[in-house]
Amino acid sequence: MYQLLIILHVLAVIVWLGGMFFAYFALRPAMSSQLQPPQRLPLWAETLTYFFRWVWLAIVVLWLSGFGLMAVLGAALPTYVHIMMTLAALMTIIFILVFFIPFRLLKKRCLEHIWSEAAKSLNQIRIAVATNLVLGGIIILTAAGKWPT
């Protein structure tokens, strides 16, 4: 059971962090260099619609597998687990805020063809993604090094 929980946990991390990394460091620069706002912003809205479905699933899997792994560890959880849980909660809150505020505004502003406002929403999403990438990186370093214990 422990190995299955680890596998599910790692796969969910790959989906969420890998997707953010790809979007931020590959897709974003390519779109910016190739497309103007009237083409780029709706494409972002559509791309994020698909990606965020996977992120919701990843979050559910991460929390369920994380709680399962904590149950296996027992009552005395090491410090690194508390660090990971705190940062995971922060990442989840950031995602939920992004999903319900700037992402919804991005979609709405794209439908209305208000490109300057859509761009502002996308920039808010970009900042949140960068933040979550840093937090996710810290979680990975914490998990890999199990520090501090």
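The values are calculated or read from the model by the stated rules, or taken from the named source; none is laboratory data. Everything numeric here is computed off the predicted structure, so don't read it as measured data. All Cβ positions, glycine included, derive from the backbone under ideal geometry; neighbour counts span all protein chains shown.
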If I filter segment 115-149 down to residues being part of a helix (DSSP H, G or I) and among the hydroxyl-bearing types (Ser, Thr, Tyr), which single residue comes out as nearest to Met91 (Cα to Cα)? Thr131
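Residues checked against (1) surrounded by fewer than 18 Cβ atoms within 10 Å (Cβ to Cβ); (2) of a type outside the set (Val, Ile, Thr); (3) over 30 Å from Ile6 (Cβ atoms):
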| residue | (1), (2), (3) |
| --- | --- |
| Trp44 | no, yes, yes |
| Val55 | no, no, no |
| Phe100 | yes, yes, yes |
| Ile125 | no, no, yes |
Among the candidates Ile101, Ile114, Ile125, single out the residue that is within 14 Å of the chain's Cα centre (by Cα) and among the aliphatic types (A, V, I, L, M). Ile125
Pairs, first touching a residue at least 60 places away in the same chain (Cβ under 8 Å) in segment 1-27, second exposed (fewer than 14 other Cβ atoms within 10 Å of the Cβ) and in a helix (DSSP H, G or I), C-beta under 6 Å, six or more apart: Tyr2/Val72
Given the conditions (1) small (Gly, Ala, Ser); (2) at pLDDT 95 or above; (3) within 25 Å of Leu141 (Cβ to Cβ), which single one is not true for Ala30? (3)
Checking Thr142 against (1) modelled with pLDDT of 95 or more; (2) of a type outside the set (Gly, Ala, Ser); (3) under 20 Å from the mean Cα position of the chain (by Cα), which single condition isn't satisfied? (1)
